[in-house]
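*Asks:* So that we are looking at the same thing, I have put the structure below in structure tokens.
The values are calculated or read from the model by the stated rules, or taken from the named source; none is laboratory data. Small disclaimer: the values here were computed from a predicted structure and weren't measured. Ideal geometry is used to build each Cβ from the backbone, glycine not excepted, and the neighbour counts take in all protein chains shown. With ligands, DNA and RNA removed, areas are computed over all heavy atoms of the protein, side chains included. Shrake-Rupley method; radii C 1.70, N 1.55, O 1.52, S 1.80 Å.
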Amino acid sequence: MFNPIGWTKPEIAQAHCDIPCGIYDPVSAKMAAQTVQKMVLRIQALERPDGSDAVAMQGYSNSLARYVRVKDEHAEICKKELSILWADYGWPNAPEDFDLHGTFNAALKLAGQCKQNVDMAKCEELVATCDRIATVDRKSTRLNSSHVVLSYAVFGLQKKTTQHTCTSHF
């Protein structure tokens with residue numbers, strides 16, 4: 001049987017993760033953790049009205065429910081983003097003293113505890129753990145930036161700075 005594909009012998013590609021460098025970024029996990037922290041702060045600042053004012057009680061209940069929902073949603077977002085970063089990224093050049101699995105496992109558990117409770121200490125620990133992961137990530141990818149602006153050098157692309165204008169003569 002004729003098989004032209006058999007003539008080619010593709011080489012094995014080597015990569016430390018499943019997509020190009022610079023795509024994975026712990027900033028989304030960190031932002032989610034900070035949102036959890038902000039919601040806990042708001043929940044703790046809510047003042048429960050006395051039961052005699054039904055309208056005030058409804059407003060309190062509505063605010064509390066919304067804060068809890070956002071807190072739980074962002075704790076789940078944090079867990080999802082950390083899980084992707086942990087599982088899919090190869091972590092080249094990570095410092096020897098960085099306990100990759102222990103740190104990520106702790107962060108995932110903290111995010112779960114933040115969903116279960118209203119505990120500012122756990123929120124602060126979650127944000128600090130996400131900060132630690134972000135610091136190691138920047139060092140391992142050699143992207144020593146704040147990730148505010150995406151580095152085009154990561155992808156080997158040139159940022160287009162020229163503008164083309166079309167002038168037509170009628």
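*Asks:* Take His101 and Val70, extend 7 Å from each Cα along the Cα→Cβ direction, and tell me the distance between the two endpoints in nm.
*Replies:* Going by the 7 Å Cα→Cβ label model, 3.8 nm.
*Asks:* Let me ask another. Of Lys38/Lys122; Lys71/Lys109; Lys79/Lys109; Lys30/Lys71; Lys38/Lys139, which pairs sit farther than 19 Å apart, going by alpha carbon to alpha carbon? Don't skip to the end; give the middle numbers.
*Replies:* Numbers: Lys38/Lys122 12 Å; Lys71/Lys109 15 Å; Lys79/Lys109 9 Å; Lys30/Lys71 13 Å; Lys38/Lys139 28 Å.
Lys38/Lys139, as the Cα separations exceed 19 Å there.
*Asks:* Just tell me which aspartates and glutamates come within less than 15 Å, Cα to Cα, of Lys115; anything on the same chain fewer than 8 places away is out.
*Replies:* By straight Cα distance, Lys115 reaches Asp72, Glu73, Glu76, Glu124, Glu125.
*Asks:* Something else about it: Mind grabbing the accessible area of Ser61 for me, 1.4 Å probe, Å², rounded to tens?
*Replies:* 60 Å²
*Asks:* Then there's this: If you count only protein heavy atoms and use a 1.4 Å probe, how large is the accessible surface of Leu126, to the nearest 10 Å²?
*Replies:* 0 Å²
*Asks:* How much accessible area does Asp97 have with a 1.4 Å probe, in Å² rounded to the nearest 10?
*Replies:* Accessible area of Asp97: about 120 Å².
*Asks:* Obtain the nm distance between the two label points defined at Gln44 and Val27 by a simple spin-label model: each point lies 7 Å from its Cα along the Cα-to-C-beta direction.
*Replies:* Rounded to a tenth, the inter-label distance reads 2.8 nm.
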